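Where a number appears in this text, it was derived from the coordinates with a stated rule and is not lab data. All values derive from a computational prediction rather than experimental measurement. Here the Cβ is made from the backbone with ideal geometry for all residues, glycine too, and neighbour counts use every protein chain on show.
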Amino acid sequence: MEIEIKSPCEDLDGVERRLLELGAGFRGETAQADLYLSHPCRDFARTDEALRLRREGNRATLHYKGPKIDAGTKSREEIGMSLGEPDAMMSILDRLGFRPVAEVRKVRRNYGIGNIEVSLDRVSGLGGFVELEVQDLPVEEGRRMLFSLLAELGLERTERRSYLELLLEK
């Protein structure tokens, strides 16, 4: 179970400075290209699900994201797997009727603070966002931790829609 909140942010550098003041550890920077796929028989927009092929450097992963479980966060089931041959996987998915919907490109700077993973995202076409995430905790406990850190970072607004949803609405 992925428990996540996201906040739009115009000052990622300021948030990064605050994270360092709080003792967060830098975990690296990556460029990610997320290709979202449509299901041949199900409307993922209606069911609030997603199938995503992520390319990050020379690595690729395939992720299924289930429906969000509450109205205030982006918490949902997520199942992912590494792909040794992403092009072959795309060929299989294509043969099964899955089609590309859109690609989300971002540069992500990752930090860790306690059990919380913090991502500072610069998303092409959308701008800056801060994502806070914990996994495998009771949902309410995770929510409390994330909203507490969000406040410590001076962020107030949250965005429940995915980057894909935001891009498609533009």
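Its alpha carbons considered, segment 2-169 gives a radius of gyration followed by a Dmax of 16.2, 50 Å. Between Val101, Val134, Val118, the residue with the greatest mean-square fluctuation in the GNM of the chain (Cα pairs under 10 Å linked by springs) is Val101.
Listing Lys170, Lys74, Lys6 from fewest to most neighbouring C-beta atoms within 10 Å gives Lys170, Lys74, Lys6. Overall form of segment 1-88: oblate. Here a/c, set by the Cα gyration tensor axes a ≥ b ≥ c, is 1.5 or more, and a/b is not larger than b/c. For Gly127, nonlocal amide neighbours, meaning residues 5 or more places apart or on other chains whose placed amide H falls under 5 Å from its own, do not occur. Counting only DSSP H runs of at least 4 residues, each contributing -39500 (n - 2.57), and dividing by the residue count of the chain, the helix-based mean residue ellipticity at 222 nm comes to -7500 deg cm²/dmol.
When each of the peptides 16-26, 104-114 is scored by how many other beta carbons lie within 10 Å of its residues on average, the order from highest to lowest is 104-114, 16-26. The lysines within cross-link reach of Lys74, meaning a Cα-to-Cα straight distance under 16 Å and a gap of 8 or more places when in the same chain, are Lys6, Lys65. Computed from backbone phi, the HN-Hα couplings of segment 7-20 come to 10, x, 8, 8, 10, 5, 5, x, 5, 4, 4, 5, 4, 5 Hz, rounded to whole numbers (Karplus: 6.51 cos²θ - 1.76 cosθ + 1.60, θ = phi - 60°; Gly and Pro given as x). Near Ala102, the amide H atoms lying under 5 Å from its own belong to Tyr36; only residues 5 or more places off or on other chains count, and H is placed 1.01 Å from N. Residues whose amide H falls under 5 Å from that of His39, counting only those 5 or more places apart or on a different chain, are Phe44, with hydrogens built in the peptide plane.
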